[in-house]
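As structure tokens, the structure follows; a few thoughts come after it.
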Amino acid sequence: MSEYNFAYLDEQTKRMIRRAILKGLAVPGYQVPFASREMPMPYGWGTGGVQVSAATLTPEDTLKVIDQGADDTTNAISIRRFFQKTADVEVTERTTEASVIQTRHRIPETELKEGQILVYQVPIPEPLRFLEPSEVETRKMHALEEYGLMHVKLYEDISIHGAIATSYAYPVKVEGRYLMDPSPIPKFDNPKMEMAAIQLFGAGREQRIYALPPYTRVVSLDFEDHPFDPGRADHACELCGAENSYLDEVIVNDRGERMFVCSDTDFCESRLNGNGEGGA
Amino acid sequence: MSELALQGGFNSPPEDAARAFRSIMGAMAHPGRIFGIKGVNPPAPMSVAMGTIALVLCDADTPLALMPSLDTVEVRSWITFQTGAPITAAGRAMFALGQWREMLPLGRFNRGEAEYPDRSATLIAECETLKNSGLALRGPGIRDVARLSLANLPAFQENAAQFPLGVDFLFCSGTQIAGVPRTTRISEV
């Protein structure tokens, strides 16, 4: 513990990240550039989320870390241990007990409350990047609110596949102004983004932070005749029986047999332990 | 430099600044909601809340403007020693500190650029009191409506009309703060 400054980062770096978080909250959905630091883990392992969490945590916090909904995967465990070691914070796997939740690619099934903070790890923060490689151009497009390219992309999906084929990182419009990448969460999670908790997004390699204050309007892009469909595998969880949770399809043996189980391990376990809907 | 400048900082900067930042973030994320904040004892007439915000957010990278009521030798040397922030004119400042009525007109502060709306000033303004009554606040961070004892409604409306450009506010009184980002729509009722 004594070898590290509280939460690993030096104070000047935390001030810089904190200023970026505040401007992110003041302009919801806009990507604030920040001077991302080298972290003791590779890019792609959540360095953006880790820096945002480090600038947010207090000694009194209880931290939960999930990777694709699971608390017990390598990425989640290593980040949780990182903050146990460097910030000496309490950790939990229970969504309801956590004050700060760092997530890779899922929003917990249990509804988040006021006072909780959800920190997303973001690989590519720019929703227009795969349509327009130039940062100069995409920055102009955001300034001019010129998002026609994205609508064309979704339209082409419909004309080729008959439906919008984007199933994760599904683009959203924030407060009717900024187009935002919700990080690669399944589109099933998009409707949950209008929530009571504070949402912070950190992209370490791409050096961007953005944010959503509670109760911010977040609308998934769609068309009148092709309304947004959150989608869900047509099964119940084979462990807990939930019919309203996001499911992972897992191959269970050499014969290729499959089962569908909740992606949110805490939600599933709470139901199995008889603590009711998400253990609330 | 007087000895006063060396005193009044955080006892334990990493932990105290982290706790204080959570109040500031809460204020910016819940416009109009009043949060407690402490940890720093600045020289008069600066409030505990304002001094604490300054030490959480300001450093050598953040040019800072002092309005006349705070532009004293004591405050200047305290800010300089504690934060290292260069003291500058309103138009070049990332942060401005002063009484709310001294901040007007808002047009002299940096309101950001179309491509970089984050490059706008944050105004840290002292009020006599902060109460959840008076003007009505709506927008991101507010479920229905919030109320805050603010004066000078037209200045807020003009600022909000420039969205996504505009300045953001943190109001201070004693050990209390409340935030009003540029997204907040303010009216009488």
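Taking a ≥ b ≥ c as the square roots of the Cα gyration tensor eigenvalues, with a/c under 1.5 meaning rounded and otherwise prolate when a/b beats b/c, else oblate, which class fits segment A:153-250? Verdict is oblate for segment A:153-250. In the protein assembly as shown, the ratio of gyration radius to Kirkwood radius, Rg to Rh, stands at 0.99 when only Cα atoms are counted.
Dipole orientation for segment A:98-247: of the candidates A:P191, A:F228, A:Q207, A:Q207 has the Cα lying most toward the positive pole (charges on Cβ; Lys, Arg +1; Asp, Glu -1). Which of rounded, prolate, oblate describes chain A, given a ≥ b ≥ c as roots of the alpha-carbon gyration tensor eigenvalues and a/c under 1.5 marking rounded, otherwise prolate only if a/b is larger than b/c? In terms of gyration-tensor shape, oblate. Peptide A:52-63 has a mean of 3 when you count, residue by residue, the C-beta atoms of other protein chains within 10 Å of its C-beta.
Counting Cβ atoms of other protein chains within 10 Å of each residue's Cβ and taking the mean over peptide B:12-24 gives 6. Of the residues A:P127, A:A35, A:F260, the one whose Cα sits farthest towards the positive end of the charge dipole of the protein assembly as shown is A:A35 (charges of +1 on Lys and Arg Cβ, -1 on Asp and Glu Cβ, taken about the Cα centre). Shape class of segment B:41-189 from the Cα gyration tensor (axes a ≥ b ≥ c, square roots of the eigenvalues): oblate, since a/c reaches 1.5 or more and a/b does not exceed b/c.
How much of the accessible area of the protein assembly as shown, probe 1.4 Å, is carbon plus sulfur, in whole percent? Carbon and sulfur together cover 50 percent of it. Viscosity 1.002 mPa s, temperature 20 °C: give me the Stokes-Einstein translational D for segment A:1-132 in µm²/s, with Rh taken as the Kirkwood radius over C-alpha pairs. D, rounded to a whole number, is 140 µm²/s. Rounded to the nearest 20, the Cβ-based charge dipole of the protein assembly as shown about its Cα centre (Lys and Arg +1, Asp and Glu -1) stands at 1400 debye. Taking all protein chains as they are arranged and a probe of 1.4 Å, the heavy atoms of A:E206 leave approximately 70 Å² accessible to solvent.
Given R0 = 56 Å, the distance between the Cβ atoms of A:I158 and B:S69 translates into a calculated FRET efficiency of 0.40. Could you pull out every whole DSSP H run in chain A that spans at least 20 Å of Cα extent along its own axis and averages -1.0 or higher on the Kyte-Doolittle scale? Length and hydropathy pass: A:11-26.
Normalised by 2.2 N^0.38 Å, with N the number of residues, the alpha-carbon radius of gyration of segment A:159-215 equals 1.25. For segment B:64-189, the solvent-accessible area with a 1.4 angstrom probe is 42 square angstrom per residue. Stretching the chain fully between A:E3 and A:N253 yields a gain of 85.4 nm (0.36 nm per residue, less the alpha carbon separation). Which residues of segment B:111-143 end up with at least 30 Å² less accessible area in the presence of all protein chains than when their chain stands alone, using a 1.4 Å probe? At a threshold of 30 Å² (probe 1.4 Å), the residues of segment B:111-143 that become less exposed are B:A114, B:E115, B:Y116, B:P117, B:D118, B:P140, B:G141, B:R143.
Taking only the C-alpha atoms of segment A:21-89, the Rg (one decimal) and the largest Cα-Cα distance, Dmax (whole number), read 13.0, 34 Å. Averaged over the residues of B:161-167, the number of partner chain Cβ atoms lying within 10 Å of the residue Cβ comes to 3. When peptides A:59-70, B:124-135, A:232-243 are sorted by average Cβ neighbour count within 10 Å, with the highest value leading, the order is A:59-70, B:124-135, A:232-243. Taking every protein chain into account, the 1.4 Å probe leaves B:T122 with about 10 Å² of accessible area, to the nearest ten.
The values are calculated or read from the model by the stated rules, or taken from the named source; none is laboratory data. Since the structure is predicted, the reported quantities are computational estimates derived from the model, not experimental observations. Quick reminder, even Gly has a Cβ in these numbers, built from the backbone with ideal geometry, and neighbours come from all protein chains shown. The area values use the complete protein model at the heavy-atom level, side chains included, leaving out ligands, DNA and RNA. Shrake-Rupley method; radii C 1.70, N 1.55, O 1.52, S 1.80 Å.
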